[in-house]
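Read the structure below first, then the notes.
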Number of protein chains: 2
Amino acid sequence: MDPVPMLLAMTYRAMGDQFHDRLRQIGLEPLRPAHGYVFRFLKARRATTVDIGQHLGVTKQAAAKIVAELDEWGYVLREPHPTDKRAQYVTLTTKGRDYLKFADNLWSDLEGEMAEAIGQDTFDTIKAGLAAYLQHVHGEDQPGLRPVW
Amino acid sequence: MDPVPMLLAMTYRAMGDQFHDRLRQIGLEPLRPAHGYVFRFLKARRATTVDIGQHLGVTKQAAAKIVAELDEWGYVLREPHPTDKRAQYVTLTTKGRDYLKFADNLWSDLEGEMAEAIGQDTFDTIKAGLAAYLQHVHGEDQPGLRPVW
DNA sequence: TATGGTTGGACAACCTGGTTGACTACTTTG
DNA sequence: CAAAGTAGTCAACCAGGTTGTCCAACCATA
């Protein structure tokens, strides 16, 4: 039997490919995973480019490129920070929120299909088990590990 | 709760980081995941560069680069194909087999720690569940999806 | 058995998503 | 109020892939 990380990677790819294909079928431009992470992050909080880089675990320069793309495509916009003249808050536009909502629905469809294929109990155990493991290794704090230069 | 693919990715990264760190601690050069895939593939069969690319899901050119590295570092060697003068079989050296053995032990250590953290039953269910899901989406054949130009 | 299509491998140019490094403008702190 | 730290940008570079092209060898078939 393959070691768990290989199973994780293969499952991730299998689900990701399906996600991608269905977005394309519907004619929605398939953004990259990092964009999804950003949307999900911005949904819950106001954040600067540096915050986003921190969360993604990449440098602020890399984060800036991603934000610039999303801005250009109309998914986010940058507004001046109320108190810090250097900084900008990045916020989701309506287009961004709609995309996220759509993607979330699609993810739950795919999760549903997975649950159907392997059994709801098994599915639930997987989800809870992985979450518990992450809790165990990371404690409370989110992954963002690497320094943000 | 995060959608399953995010959990998969985060767990993958968490385990991978630990794997990487421990290899470094021991002073073994940490190869990239792709190299591990190649070792595991070569353990079971004799294969050409094209076969490897097929299995990794990358172009034969990309596969050739990886094989060239592994050759240079002494983990594999290329021998003439017995019947096809164009082709070469790529085979693991002793160094390659030792590395794989060591890595496999490390993986099972990490799996053991995961099982301890979340419970053996849960761990077993995750492993079997993911395997079942992959079986369901891919059928018998391994992932190698993209065309090998 | 000659021939035309296919395949393994190599070389080169290029693309993408990241990195480091340096710099400016602003903020925070001692 | 000076010194250290931080948000953001620009630019150069790097790694790991991609296309595109080619040659030599293979294979099917007429």
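Rounded to the nearest 20 debye, what is the charge dipole size of chain B about its Cα centre when +1 sits on each Lys and Arg Cβ and -1 on each Asp and Glu Cβ?
Here the size comes out at about 780 debye.
So, counting K/R as plus one and D/E as minus one, what does the shell of residues with Cβ under 13 Å around B:Thr125 add up to?
With Lys, Arg at +1 and Asp, Glu at -1, the net is -2.
What is the local net charge at A:Tyr99, summed over the other residues whose Cβ is closer than 12 Å to its Cβ (Lys, Arg +1; Asp, Glu -1)?
Once positives and negatives cancel, what remains is +2.
Give me the count of lysine pairs in chain A whose alpha carbons sit under 24 angstrom apart, restricted to pairs 8 or more positions apart or on different chains.
11
Once every DSSP H run of n ≥ 4 in the protein assembly as shown is given -39500 (n - 2.57) and the sum is divided by its residues, what mean residue ellipticity at 222 nm do you get, rounded to the nearest 500 deg cm²/dmol?
-22500 deg cm²/dmol
With every protein chain present, what accessible area does A:Ile118 have (1.4 Å probe, heavy atoms only), rounded to the nearest 10 Å²?
Counting only protein heavy atoms, the figure is 30 Å².
Beyond 12 Å, what percent of the Cα pairs of segment A:44-94 remain?
62
Under the convention of a label 7 Å out along Cα→Cβ, give the distances in nm from A:Gln25 to the same position in every other copy, shortest first.
Here A:Gln25 shows inter-copy label distances of 4.6 nm.
Shortest first, in nm, what separates the label point of A:Ser108 from those of the same position in the other copies (7 Å along Cα→Cβ)?
4.2
Of the GluC sites (Glu not before Pro) in segment A:45-149, which ones lie in a loop per DSSP and count no more than 10 other C-beta atoms within 10 Å?
Sites meeting the loop and neighbour criteria: A:Glu140.
Hey, got the Cα dimensions of chain B along the principal axes, in Å, largest first?
Projected onto the principal axes, the Cα atoms of chain B cover 54, 38, 22 Å.
Membrane-span-like helices in chain B: DSSP H runs reaching 15 Å or more (Cα, own axis), mean Kyte hydropathy at least 0.0?
Counting only whole DSSP H runs, the qualifying helices are B:33-44.
What's the magnitude of the charge dipole for segment B:31-92 around its Cα centre, counting Lys and Arg as +1 and Asp and Glu as -1 at the beta-carbon? Answer in Debye, nearest 20.
Charge dipole, segment B:31-92, about its Cα centre: 160 debye, nearest 20.
Can you give me the accessible area per residue for the protein assembly as shown, using a 1.4 Å probe, in Å²?
Computed with neighbouring chains in place, this is 55 Å² per residue.
Considering only protein heavy atoms, what is the solvent-accessible area of B:Arg40 at a probe of 1.4 Å, reported in Å² to the nearest 10?
50
So how exposed is A:Asp121, as accessible area in Å² (1.4 Å probe, rounded to 10)?
Counting only protein heavy atoms, the figure is 120 Å².
Label segment B:1-72 by shape, choosing from rounded, prolate and oblate, from the square roots a ≥ b ≥ c of the eigenvalues of the Cα gyration tensor; if a/c is under 1.5 it is rounded, and otherwise prolate applies when a/b is larger than b/c, oblate when it is not.
oblate
Rounded to a whole number, what % of the accessible area of chain A do carbon and sulfur atoms account for, probe 1.4 Å?
Its accessible area is 52 percent carbon and sulfur atoms.
Hey, how much of the P(r) for the protein assembly as shown falls beyond 34 Å, as a percent of Cα pairs?
So the portion of pairs separated by more than 34 Å is 31 percent.
Mind listing, in residue-number order, the residues in segment A:93-120 that have at least 10 Å² less accessible area with every protein chain present than in their own chain alone (1.4 Å probe)?
The answer is A:Trp107, A:Glu111, A:Met114, A:Ala117, A:Ile118.
Taking the label point as lying 7 angstrom from Cα along the Cα-to-Cβ axis, what are the distances from B:Glu72 to the corresponding position in the remaining copies, in ascending order and in nanometres?
Shortest to longest, the spacings are 3.3 nm.
Rounded to the nearest 100 Å², what is the buried accessible area between B and A, both sides summed, probe 1.4 Å?
Summing both chains' loss of accessible area gives about 4300 Å².
Could you please state, rounded to a whole Å, how far the C-alpha centre of segment B:58-79 is from the C-alpha centre of segment B:93-140?
Measuring centre to centre over Cα atoms gives 25 Å.
The values are calculated or read from the model by the stated rules, or taken from the named source; none is laboratory data. This is a predicted model, so every value here is computed, not measured. Cβ atoms come from the backbone with ideal geometry, glycine included; neighbour counts cover every protein chain shown. In case anyone asks, the SASA skips ligands and DNA or RNA and just uses the protein heavy atoms, side chains included. Shrake-Rupley method; radii C 1.70, N 1.55, O 1.52, S 1.80 Å.
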